[in-house]
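A quick write-up on the structure given underneath.
The values are calculated or read from the model by the stated rules, or taken from the named source; none is laboratory data. Predicted model only: the values in this text are computed from it and were never measured. Virtual Cβ from ideal backbone geometry, glycine too; neighbours counted across all protein chains shown. Note: accessible area is taken over every heavy atom of the protein model, side chains too, but ligands, DNA and RNA are not part of it. Shrake-Rupley method; radii C 1.70, N 1.55, O 1.52, S 1.80 Å.
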Number of protein chains: 2
Amino acid sequence: MNYSNPEFEYFSYELEHVDKKTGARAGTLHTPHGDIKTPIFMPVGTNSTVKLLTNHHIYESGAQIILGNSYHLYLRAGDELIAKFGGIHKWMNWDKPVLTDSGGFQVFSLAHLRKITEDGVEFRDPKDGKKHYISPEISMKIQQNIGADIIMAFDECVPYPCTHEQAKLGMERTHRWLERCIKAKTNPKQALFPICQGAFYDDLRKESAEFVSQIPAVGYAIGGLSVGEDKETMNHFINYTTPFLPADKPRYLMGVGTPEDLLDGIKGGIDMFDCVLPTRNARHGSFFTWKGKCQIKNSQYQEDSAPLDENCDCYACKNHSKAYIRHLYKCNEGTGQALMSIHNITFLINFSQMCRQAILEDRFEEFYNEHYDKFL
Amino acid sequence: MNYSNPEFEYFSYELEHVDKKTGARAGTLHTPHGDIKTPIFMPVGTNSTVKLLTNHHIYESGAQIILGNSYHLYLRAGDELIAKFGGIHKWMNWDKPVLTDSGGFQVFSLAHLRKITEDGVEFRDPKDGKKHYISPEISMKIQQNIGADIIMAFDECVPYPCTHEQAKLGMERTHRWLERCIKAKTNPKQALFPICQGAFYDDLRKESAEFVSQIPAVGYAIGGLSVGEDKETMNHFINYTTPFLPADKPRYLMGVGTPEDLLDGIKGGIDMFDCVLPTRNARHGSFFTWKGKCQIKNSQYQEDSAPLDENCDCYACKNHSKAYIRHLYKCNEGTGQALMSIHNITFLINFSQMCRQAILEDRFEEFYNEHYDKFL
């Protein structure tokens with residue numbers, strides 16, 4: 001595709017180091033709202049807030065970039081209202097980078113409520129039954145109204161499992177839709193990341209990665225993984241796909257983000273991760289530690305005066321005991337869920353930055369081996 | 001009662017000024033965990049947390065003292081566990097003053113689950129049906145285990161409405177129980193506030209206020225108001241009762257705390273207030289402004305870029321628009337409820353401190369007249 005990308009005036013990526021043994025990468029992505037030190041975990045703020053947390057605690061967690069969901073923000077509060085407020089940074093008073101997804105993943109998840117054509121997808125809002133329509137052009141308009149720094153191509157997510165034919169049709173449509181996204185997009189202060197699809201077929205993953213790679217983009221995403229397959233399968237397709245993506249650009253693995261997934265993804269050449277699980281699991285009592293995953297409901301913590309993790313510097317760990325947080329959780333106090341959300345987000349951001357440090361020092365393999373099994 | 005009170009070594013109250021026209025009072029209560037500038041609104045932290053808020057935001061709200069509920073903390077996490085942690089300040093990592101109620105009000109509210117005798121009250125935990133028993137001595141033990149700075153006498157709260165005979169029996173039992181509380185209490189770093197009862201009968205209120213006043217306490221409470229009566233009735237009994245209480249000691253009106261209630265209470269000579277409504281109402285979308293009470297769900301705020309209140313310096317108002325908070329609220333995001341809780345608490349604390357300033361400048365009547373009608 002012959003096309004010069006004005007986004008490069010506002011965005012750039014430096015690949016700072018590649019770990020000698022594993023190929024894991026450390027870099028910096030420069031954006032109009034600041035730098036992102038990769039590999040990085042990005043907390044998800046579906047409705048323009050990370051659930052239960054004030055921005056104060058999100059900043060304090062060390063978050064370098066957060067996600068918003070276009071599908072949700074289009075339906076409520078409405079992308080046009082967010083545009084009236086000057087975009088999502090002003091809307092939610094967050095001055096660091098933001099990334100929005102395209103809405104595609106959520107729309108395709110509405111299995112019985114949507115109708116797909118070559119032009120786009122018609123769907124009903126599950127809350128009120130009203131009809132809506134999103135196409136590549138409309139997704140670009142929505143994401144430009146929202147105004148995130150990084151926006152995602154509108155892609156077709158095929159169901160899991162699916163046949164080679166289904167996967168190929170979905171991939172080809174994703175490629176056609178990508179070209180329409182590029183044409184529809186106008187704001188160079190937003191970086192449009194193409195998404196590589198191809199489900200669980202090597203030939204398609206290669207074809208898709210090569211297709212998106214010929215587009216001079218700020219960064220590239222791998223979509224359609226972590227949709228129900230086992231970890232071994234996911235890791236195969238990460239490792240298989242990344243060599244076909246440009247080495248000098250960041251790679252974003254969409255919707256992935258437990259500690260062990262980060263280790264595998266980073267080992268496979270991924271730079272950016274997002275996942276709702278750290279906050280969702282926190283609301284269900286699960287928390288990360290450097291010894292592995294734990295459950296606050298367990299009676300062993302009833303009188304435990306130690307923090308959630310002895311080596312964590314998050315607000316919850318600096319201030320509260322497991323016994324206190326467990327009590328709040330057992331009383332169904334939102335403060336307990338908020339403290340555990342703060343912890344899990346901080347933990348994963350710190351975890352990604354410790355991976356980064358290990359990469360810079362060529363000891364990522366040791367880091368991987370030291371920590372991987374704890375989280376299984 | 002001939003009794004010297006060792007609490008005066010750790011607690012004292014200075015009545016700094018009495019408003020010339022109204023008799024409203026400004027003072028300072030010194031406690032082992034810091035000073036309280038009265039009149040003061042005290043946020044309620046039932047389960048040893050103010051609902052949805054981290055301590056960071058409670059400190060930032062300007063809270064000078066918070067409440068815990070002995071009944072709830074006795075059942076969960078357990079007062080003995082809190083004692084093992086060194087008391088509620090260490091348990092919840094809060095280093096300013098704390099006040100606990102006696103548990104009486106909650107136990108008496110369990111109309112069908114409790115049995116009252118002269119010795120105490122047997123009740124069942126509504127959550128698991130288990131039997132429990134609280135007497136004046138047990139309430140003191142629970143409150144000493146919890147370790148708040150100010151603890152409350154275990155009193156009998158008669159139902160509303162009730163006959164003169166019921167009210168008299170309840171009051172007399174409250175007085176006998178107060179004497180048992182005083183005998184059972186041992187820690188001089190906790191100030192035990194006697195509670196005046198007497199329901200809605202002038203003769204009983206006078207008798208009860210005079211009875212408690214002969215006890216040399218750090219402060220005194222008025223209980224049994226705001227239990228269903230109209231505002232005029234409540235205000236009559238505030239105004240009728242306070243003259244019988246010592247002028248040189250703080251007076252705490254239990255369970256009361258809307259802006260208009262604060263104005264009436266302060267005018268009637270009250271110094272301390274607590275209420276769950278500011279946080280409960282926040283969770284239901286209601287917020288205070290200097291123009292009166294408002295409801296965030298109202299469509300007029302859908303595109304409103306102004307803060308909840310133009311003159312409020314709380315975290316929510318410094319950082320967010322009504323439109324954004326309304327969006328969070330409509331999406332059922334706890335962050336929206338947390339922001340409105342921060343606002344309502346900060347507003348009421350600021351409100352109480354502006355009353356204080358008006359008293360110090362002998363213009364409380366003007367302050368009252370300027371603001372009262374807005375909140376009705």
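When you scan the range A:140-165, how many residues do you find that are in a helix (DSSP H, G or I) and closer than 17 Å to A:Cys196 by Cβ?
At the first step, the residues of the range A:140-165 found to be in a helix (DSSP H, G or I) are A:140-146, A:164-165.
Next cut, closer than 17 Å to A:Cys196 by Cβ only: A:164.
Going through the range A:140-165 one residue at a time, the tally reaches 1.
Out of curiosity, is B:Gly285 surrounded by fewer than 21 Cβ atoms within 10 Å (Cβ to Cβ) and either under 21 Å from the mean Cα position of the chain (by Cα) or in contact (Cβ under 8 Å) with a residue 24 or more places away in the chain (or both)? Break it down stepwise before answering.
Values: surrounded by fewer than 21 Cβ atoms within 10 Å (Cβ to Cβ): yes; either under 21 Å from the mean Cα position of the chain (by Cα) or in contact (Cβ under 8 Å) with a residue 24 or more places away in the chain (or both): yes.
Yes; evaluated as a whole, the condition is true for this residue.
Out of A:His72, A:His57, I need the residue that is surrounded by fewer than 24 Cβ atoms within 10 Å (Cβ to Cβ), touching a helix residue (DSSP H, G or I) at 6+ places or on another chain (Cβ under 9 Å), within 11 Å of chain B (Cβ to nearest Cβ) and at pLDDT 95 or above. Which one? Please lay out each step first, then the result.
On the way: A:His57 fails: surrounded by fewer than 24 Cβ atoms within 10 Å (Cβ to Cβ).
Matching residue, one of A:His72, A:His57: A:His72.
Taking the criterion of being of a type in the set (Phe, Trp, Tyr), over 25 Å from A:Ile82 (Cα atoms) and open to solvent by 30 Å² or more (accessible area, probe 1.4 Å), would at least one residue in the range A:142-161 satisfy it? Step through it out loud before you land on a result.
Pass one, the range A:142-161, residues of a type in the set (Phe, Trp, Tyr): A:154, A:160.
Next, only the ones that are over 25 Å from A:Ile82 (Cα atoms) stay: A:160.
From what is left, the residues that are open to solvent by 30 Å² or more (accessible area, probe 1.4 Å) are A:160.
Yes, some residue in the range A:142-161 is of a type in the set (Phe, Trp, Tyr), over 25 Å from A:Ile82 (Cα atoms) and open to solvent by 30 Å² or more (accessible area, probe 1.4 Å).
Restricting to the range A:334-362, name every residue that is closer than 19 Å to A:Ile40 by Cβ and either outside any helix (DSSP H, G or I) or of a type in the set (Phe, Trp, Tyr) (or both). Don't jump to the end; show me each part of the working.
Filtering the range A:334-362 for residues closer than 19 Å to A:Ile40 by Cβ gives A:341-361.
Within the range A:334-362, A:Phe347, A:Phe351, A:Glu361 meet the criteria.
Looking at (1) surrounded by fewer than 21 Cβ atoms within 10 Å (Cβ to Cβ); (2) within 21 Å of the chain's Cα centre (by Cα); (3) at positive phi, can you tell me which one A:Ser109 breaks?
(3)
Just wondering, is there one or more residues in the range B:83-95 that are within 26 Å of A:Pro307 (Cβ to Cβ), within 14 Å of another protein chain (Cβ to nearest Cβ), polar (S, T, N, Q) and touching a strand residue (DSSP E or B) at 6+ places or on another chain (Cβ under 6 Å)? Spell out how you get there, then give the answer.
Residues of the range B:83-95 that are within 26 Å of A:Pro307 (Cβ to Cβ), as a first pass: B:83-95.
Keeping just the survivors that are within 14 Å of another protein chain (Cβ to nearest Cβ) gives B:83-95.
With polar (S, T, N, Q) added as a condition, the list becomes B:93.
Still in the running and touching a strand residue (DSSP E or B) at 6+ places or on another chain (Cβ under 6 Å): none.
Checked against the condition, which is being within 26 Å of A:Pro307 (Cβ to Cβ), within 14 Å of another protein chain (Cβ to nearest Cβ), polar (S, T, N, Q) and touching a strand residue (DSSP E or B) at 6+ places or on another chain (Cβ under 6 Å), the range B:83-95 yields no hits at all.
May I ask you to list pairs of residues, at least six apart or on different chains, whose Cβ atoms are under 9 Å apart, with the first in the range A:25-52 being acidic (Asp, Glu) and the second being part of a loop (DSSP other than H, G, I, E, B) and open to solvent by less than 10 Å² (accessible area, probe 1.4 Å)?
So the pair list comes out as A:Asp35/A:Pro97.
Can you spot a residue in the range A:64-85 that is free of Cβ contacts under 8 Å to residues at least 24 places away in the same chain and either among the hydroxyl-bearing types (Ser, Thr, Tyr) or over 23 Å from A:Pro32 (Cβ atoms) (or both)?
yes
Taking B:Asp128, is it at pLDDT below 95 and open to solvent by 10 Å² or more (accessible area, probe 1.4 Å)? Give the steps one after another, and end with the answer.
Values: at pLDDT below 95: yes; open to solvent by 10 Å² or more (accessible area, probe 1.4 Å): yes.
Yes.
What's the total number of residues in the range B:294-320 that are within 10 Å of chain A (Cβ to nearest Cβ) and open to solvent by 10 Å² or more (accessible area, probe 1.4 Å)?
Initial filter on the range B:294-320 (within 10 Å of chain A (Cβ to nearest Cβ)): B:302-303, B:305, B:315-316, B:318-320.
When the remaining residues are screened for being open to solvent by 10 Å² or more (accessible area, probe 1.4 Å), the result is B:302-303, B:305, B:315, B:318-320.
Matching residues across the range B:294-320 total 7.
In the range B:1-34, which residue that is of a type in the set (Asp, Glu) and surrounded by 15 or more Cβ atoms within 10 Å (Cβ to Cβ) is farthest from B:Ala247 (Cα to Cα)? First the steps, then the outcome.
Initial filter on the range B:1-34 (of a type in the set (Asp, Glu)): B:7, B:9, B:14, B:16, B:19.
This time we only want the ones that are surrounded by 15 or more Cβ atoms within 10 Å (Cβ to Cβ), so: B:7, B:19.
Details: B:Glu7: 18, B:Asp19: 13 Å.
Across the range B:1-34, the extreme among qualifying residues is B:Glu7.
Restricting to the range A:322-340, name every residue that is more than 7 Å from chain B (Cβ to nearest Cβ) and either open to solvent by 10 Å² or more (accessible area, probe 1.4 Å) or at pLDDT below 95 (or both).
A:Lys322, A:Arg326, A:Tyr329, A:Asn332, A:Gln337
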